[in-house]
Amino acid sequence: MSGINFLRIGWTELHNSAMIFGAEVDYWPPDYPELVNRIYLDTRLYSNLLPRIVKDSHVDLEAYGCRSDLIFNMIFKRIRKNAKNHDNLRWWQYLTSEKSVNTLLNDFQKSSFNFHNTQAPVFSRIQIHTIAKYGMWLINHETEDPKQDSLAMLWGMALIGVTKYLWDKQGICEFCYRRTWPGRRFCEGHSQSQSDTKNRSKNYMNYRTGKKAHELIKKHELTERVQGATMLKQAISATAMCDLLYPEFLDKEVKTDEKDMIFQALSQCPYVLARLKMQIGCSYDEFINLEYDHLINHLRQTLDPYELSCRGWQLKIFSAEIWFAAERKVSPGVRKNGKKATARIAATKKLAALGLTKSEIARKLKISPSTISKWIVRKPEISWI
Ligand SMILES: [Zn+2]
C-alpha cells in the first residue's frame, strides 16, 4: 500500500464536514456576481463546530473575508506553527509524512493518547467509525498541558483521516446488503478468511447459505433493493462524516424524525425487529424510549458494523429484511415439505390415531414403510406410531 498523509485528509474532512453541516453561506449568485466560484463560511457556526481548532490557531476568520479556501489553508499552517511552538514539530512531520494505515494505528496504540479510562470513547480498529469519533474527542479534549493538547489535536486529525481513508475503500458484500472491510469482497458474515479450525466449518456454512440466498434474490430481481441504490448510498455517504463528527449538533427535531422513520421501517420488518430486540434485550417500553444515538448503535451492531452513517437506516432495514427472508428460505433447517408430503403426513397421523401399524399405513397410502420411519424421526408428533 502506498503511503497516505492522514493528517491532511483529516483536516480536510473536518473542514468540509463543517461546511456540509451548514457553515457554508447560502447566497443567490445573480444578486452577488462577485461571489461566484467562491465559497464563504458563517464564522459563528464554524467556530461553534470547531472551537478548539479556531481558538488554538488564532486565525481571525473575518480578516480573511470569510473565504473558505483561505481559512482552510491558514488554519492548517497555523496548526503546524502551533506544533512547532510546543516542540511537537517532529510529530507534525511524522503525521504528515506518508505511511500505511497499520503503521499509523500501531504507533497510535503505543502512544500516550490511547486512553482506556471511562471518559474516553470506545476505540476499535475494527469499527472504523470509532476511530474518527475518538479523533474528534482528542481534538476537543483540553488539559492543563498545552504541549500535550497540541499533540492530541494532531493525532485527532490523523485518526479522522484514517476513518475517511478506510471508508472510501469499503465496498458492498458480494452476497448481501452489508458493507465490507476495506478491500475485501465479503462482509464479516460471509468471509472465509478467518482460518481457525473452530470457526472454519461455521464460516463455510454461512458462506454457502449466503451464496444460495444471493442466488435467490437474483432470481427474484431483488439485487438492486438489497445491494444497490448506489446513487442513494453515495448521497448518504456525503453527509455521513458530518453526522459522525458533529452528532451533538443534529437537532432534536431531526433525530425525532429519523427515529420515527426507523420505527416505521421496523414495524414492517419482523426479521430485523426480532434480531434487534434480541441484541438489545429490553422490554417493549424501554425499546420505544431508546435514545436516538443508542438506537443507531444497536442497529449498527445488529445489521452492519461497518456502516458509518447515522442516516439512511430505514433503507438498510428494508434491504436487510429481504436478505434475512432469503437466508431463511435457503437454510437447510427450515425447508418445508411439499404439498403432497404434507397431505400424506396428515393422513399418516389420522391412520396412526386409528391404531393402524406402520406397514398397514404404508400399504394404504402406497408409500414405503421407510418413508414413514423418516417422518417419525423428523416429526415428533407422530413418533408414537
Ligand atoms: Zn455478506
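A short reminder: the numbers here are calculations on the coordinates, not readings from a lab. As the structure is a computational prediction, the values presented were derived from the model and not from experiment. With ideal geometry, Cβ positions are generated from the backbone for all residues, glycine too; neighbour counts draw on all protein chains shown.
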So what's Rg/Rh here for segment 61-202, counting alpha carbon atoms and using the Kirkwood radius for Rh? 1.07
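With +1 assigned to the C-beta of every Lys and Arg and -1 to the C-beta of every Asp and Glu, and no other charges, what is the dipole magnitude of the chain about the Cα centre in debye, to the nearest 20?
3740 debye
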Cα-based equivalent ellipsoid, the chain: semi-axes from gyration tensor eigenvalues, Å: 56, 23, 18
Please work out the Cα center distance from segment 125-188 to segment 288-320, rounded to the nearest Å. 18 Å
How far is helix 252-267 tilted off the main Cα axis of the chain, in degrees rounded to 10, range 0 to 90? 20 degrees
Can you tell me the 0 to 90 degree angle between the C-alpha axis of helix 6-18 and the longest principal axis of the chain, rounded to 10? 90 degrees
For segment 351-360, take each phi angle, set θ = phi - 60°, evaluate the Karplus expression 6.51 cos²θ - 1.76 cosθ + 1.60, and give the result in whole Hz per residue in order, putting x for glycine and proline. 5, 5, 5, 7, x, 6, 7, 4, 6, 5
Kindly provide the helix-only [θ] at 222 nm of the chain, computed as the sum of -39,500 (n - 2.57) over DSSP H runs of four or more divided by all residues, to the nearest 500 deg cm²/dmol? -19500 deg cm²/dmol
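Could you work out the local net charge near residue 59, counting Lys and Arg as +1, Asp and Glu as -1, over the other residues with Cβ closer than 11 Å to its Cβ? List each step's numbers first, then the result.
Values: positive: 55, 77, 78, 81; negative: 56, 60, 62.
That works out to +1.
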For 177-190, 142-155, 317-330, ranked highest to lowest by mean beta-carbon neighbours within 10 Å, the order is 317-330, 177-190, 142-155
Cα-centre dipole for segment 197-333 with unit charges at Cβ (Lys and Arg positive, Asp and Glu negative), debye to 20: 1180 debye
Angle, helix 128-140 long axis vs. longest principal axis of the chain, Cα atoms, 0 to 90°, nearest 10? 30 degrees
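Given +1 on the Cβ of Lys and Arg, -1 on the Cβ of Asp and Glu, and no further charges, what dipole in debye does segment 145-278 carry about its Cα centre, rounded to the nearest 20? Don't jump to the answer; show the numbers that get you there.
Numbers: 22 positive and 16 negative charges, 210 e Å.
The calculation lands at about 1000 debye.
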